[in-house]
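What follows is one structure encoded as C-alpha cells, with my remarks underneath.
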Amino acid sequence: MQVNLSGRTALVTGSTQGIGAAIAAGLAHAGARVGINGRDREKVAATVAQLFAEAPGSDFVAVPADLSTQEGADRAVAQLPQIDVLVNNLGIFGAKPALEITDADWRRSFEVNVLAGVRLTRALLPGMMERGWGRIQYIASDSAVVIPAEMIHYGMSKSALLAVSRGFAKEAAGSGVTVNSVIAGPTHTVGVEDFVYELVDRDLPWDVAQRVFMREHRPQSLLQRLIEPEEIANMVVYLSSDQASATTGGALRVDGGYVDSILP
C-alpha cells in the first residue's frame, strides 16, 4: 500500500523522542509536512535537525509549546494554522501507589494526557470539517483497558481518550473527517530499556533480555517482544491516509495481542 500525504500538514504532539518521533518520521516519509512539538525549544530544534539528517528533503517544522495549557495550544495552532492531520501523542506517566496519588497528580494526568488533545481538537476540527477532510488520532495505551495497579491515574487518562475520540468522531460524522484512537502496547523506548534491565540480567543481549522480560513480566503478550515505535507509526500513517476513509470512531490496537480481549 502506497500512502501519499503530499500537500498535507500534520502536527504530532510530544514528538521529540520515542513513539512521537517515529510517527513524525513516518508521516514525513509519506510526504506530509510535519510539526515537531515539545516544551523545550532547544530539544525541539535538535529533533528537527536529526529528522532532517535522517530524511533529507522532508519538511519538518519546529512547534515548541507547552500543550498542557491553553496558551500553549494557541501558540501551536498559530504556528501551523491549517493542520490536516493531528496526532495527539503527548503523555506523561509515573508509578505511584494508588492511595498516594494526590489530587494534583490526578489533575496533572488529566490536564496533559487528555485536555491537551481536547483543546487542539476543539481548535482544529471545525476547519477540517469545513474543508471536508481531516484526520485526528489519540495515542492511547493498553493501560486504557488493563488498568495498571501501580499507576491508575495514567490508566484513567488513557481510558478517557477512548471516550474522547469516539465522541469527537460523532461530532465529525458525515464531514469527511475521521477521529480514532490507537491502543499502543508495551513499546521499546530508551526508558523502557532501563526498566527492563532493572528486572532481568544486565549481561543479556538486548534481544534476549526483552524476550525474557516479556515472558516473565508481560506473559499475556502474543508478540512476545516489545513493539518498536515504528510499528505504532505504521498504524498512525495508515489512519492518516485516504485509504482509511471508512475507519472512524474506532480504538485500533497495536498491542501485540497484549489485551486479552476481542474488543478494546
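Read-outs throughout are calculated quantities, based only on the coordinates presented, and are distinct from any laboratory measurement. No experiment lies behind these values; they were computed from the predicted model shown. Methodologically, a virtual Cβ is constructed for each residue, glycine included, from the backbone with ideal geometry; neighbour enumeration extends over all protein chains shown.
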Scope segment 229-248; condition out of contact with any helix residue (DSSP H, G or I) (no Cβ under 8 Å at 6 or more places or on another chain) and farther than 16 Å from LEU86 by Cβ; matching residues: GLU231, ASP242, GLN243, SER245, ALA246
Would you confirm, using the coordinates I've provided, whether THR47 is touching a Lys or Arg at 6+ places or on another chain (Cβ under 8 Å) and β-branched (Val, Ile, Thr)? no
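If only one of GLY155, GLY127, GLY117 is in contact (Cβ under 8 Å) with a residue 40 or more places away in the chain and surrounded by 20 or more Cβ atoms within 10 Å (Cβ to Cβ), which one is it? Full working, then the answer.
On the way: GLY155 fails: in contact (Cβ under 8 Å) with a residue 40 or more places away in the chain; GLY127 fails: surrounded by 20 or more Cβ atoms within 10 Å (Cβ to Cβ).
The conditions single out GLY117.
For (1) of a type in the set (Val, Ile, Thr); (2) at positive phi; (3) out of contact with any His (no Cβ under 8 Å at 6 or more places or on another chain), each residue gets a yes or a no:
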position: VAL3; (1), (2), (3): yes, no, yes
position: GLY14; (1), (2), (3): no, yes, yes
position: ILE19; (1), (2), (3): yes, no, yes
position: ALA30; (1), (2), (3): no, no, yes
position: ILE36; (1), (2), (3): yes, no, yes
position: ALA55; (1), (2), (3): no, no, no
position: VAL63; (1), (2), (3): yes, no, yes
Within segment 217-233, is there a residue that is closer than 20 Å to PHE93 by Cα, under 24 Å from the mean Cα position of the chain (by Cα) and in a strand (DSSP E or B)? yes
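Of the residues that sit in segment 30-54 and are closer than 22 Å to ASP242 by Cα and without any contact (Cβ under 8 Å) to a residue 60 or more places away in the chain, which one is surrounded by the most Cβ atoms within 10 Å (Cβ to Cβ)? Explain how you work it out, then say what you get.
Step one: list which residues in segment 30-54 are closer than 22 Å to ASP242 by Cα, which gives 30-35.
Right, trim to without any contact (Cβ under 8 Å) to a residue 60 or more places away in the chain and you get 31, 33-35.
On the way: GLY31: 15, ARG33: 21, VAL34: 32, GLY35: 28.
Of everything passing the filter in segment 30-54, VAL34 is surrounded by the most Cβ atoms within 10 Å (Cβ to Cβ).
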From the residues in segment 165-209 that are under 18 Å from VAL254 (Cα atoms) and out of contact with any strand residue (DSSP E or B) (no Cβ under 8 Å at 6 or more places or on another chain), which one is surrounded by the most Cβ atoms within 10 Å (Cβ to Cβ)? THR189
